[in-house]
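The values are calculated or read from the model by the stated rules, or taken from the named source; none is laboratory data. Just so it is clear, the structure is predicted and the values come from calculations on it, not from any experiment. Note that each Cβ is placed from the backbone with ideal geometry, even for glycine, and that neighbours are counted across all protein chains shown. Just the protein is used for accessible areas: all its heavy atoms, side chains included, with ligands, DNA and RNA removed. Shrake-Rupley method; radii C 1.70, N 1.55, O 1.52, S 1.80 Å.
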Amino acid sequence: MDMENVKQIFRDAGTAISRAVQFTEEKLGKAEKTEQDPNFEQLVTFCDNTKQNTETILKNMEFILNSNPGMRVENLFFLDKKKSGLSSSEYLGIAMTEAGNDFGPDTAYGSALIKVGNIQQTLGLNQREFIKSANDCFVNPMNKYLETDMKTVVKERSLLEKRRLDLDACKTRVRKTRMLATTKVKAEHDLKVAQEEYDRQAEITKLLMEGVPSAHPQHLQHLLDFVDTQAAFYLKCHESLMSLQSDLSGFPSDQDNVATLSPDTPALGRIQQAKVITSQEPRDAHDLRLSAGEVSYLSL
């Protein structure tokens, strides 16, 4: 390491210490602080609101789009590569179709399970397509904005704050310096340089912050694209469920089963279910054997 590098290290260390001292004295009320004009402070507030609100929206958006903990755990441990990345609805659909095939696709219950399972898998596929579209049209562009434009604004504001601390530290040294000519001249020269660097950085930072409001129309377009994507997703789901409901309308319901228990028997009136409280042994050939807990059907 040459001598010039060593000197630079000491200069940087001295600058850092000077900033720390100035910052501490400001907090303790022992040093003056250069204030910005109201217009600049309004820009600062607007930028802070834009950054914080965008981060909050994205955090909640990503939670909704990635709300399937089973998917995340499975992807983490690679439990089943064939099913990796499936949504909860698709897992439910697979379970239903497998159960329907076990019970028999020629039975009413098995056939219904297969139909519902297929639609559940379709809903899951629609959900995955929606998540991808939502990320493409909203989440990714907004994250990119935070990582590029807003990150640049934050960086330049941080640099401006350092320039301000340097400027105020120089002002403090000028006030405290003794009337020695050489000391005073150097302090005033340092103050002039610090003022020029601060003014230049303040102008750069202001220009960047003035560009933040112009990004909002683009953010609005991303939001509209997200709403279109979400509406299309729910429309697909609605159409699939309505079609499923129509397919299942011909299946016998529980009430249908009750009404057709004795198809050869003339209608005797209203049929009602009754739960047996205590067991009963038949007294003769015409009595029924009843067990506690079973359900019997009575004709009223």
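Observations on the structure shown:
To keep it simple, each residue is scored yes or no on (1) more than 30 Å from residue 38 (Cβ to Cβ); (2) in contact with a strand residue (DSSP E or B) (Cβ under 6 Å, 6 or more places away or on another chain); (3) at pLDDT 95 or above.
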{"residue": "178", "(1), (2), (3)": "yes, no, no"}
{"residue": "188", "(1), (2), (3)": "no, no, no"}
{"residue": "208", "(1), (2), (3)": "no, no, yes"}
{"residue": "215", "(1), (2), (3)": "no, no, yes"}
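- Selection count where residues are out of contact with any Asp or Glu (no Cβ under 6 Å at 6 or more places or on another chain), open to solvent by 30 Å² or more (accessible area, probe 1.4 Å) and of a type outside the set (Gly, Ala, Ser), scope segment 132-164: 19
- Meets criteria (under 35 Å from the mean Cα position of the chain (by Cα) and of a type in the set (D, E, K, R)) for residue 206: yes
- Among the criteria (1) more than 30 Å from residue 110 (Cβ to Cβ); (2) loosely packed, with under 12 Cβ neighbours inside 10 Å, the one residue 245 does not fulfil is (1).
- Of all the numbered requirements in (1) under 30 Å from residue 244 (Cα atoms); (2) in contact (Cβ under 8 Å) with a residue 12 or more places away in the chain, residue 142 misses one, and that requirement is (1).
- Residues of segment 110-131 that turn out to be open to solvent by 40 Å² or more (accessible area, probe 1.4 Å) and touching a residue at least 60 places away in the same chain (Cβ under 8 Å), as a count: 4
- Residue match in segment 37-49 (condition: surrounded by 16 or more Cβ atoms within 10 Å (Cβ to Cβ), farther than 30 Å from residue 169 by Cβ and modelled with pLDDT of 95 or more): no
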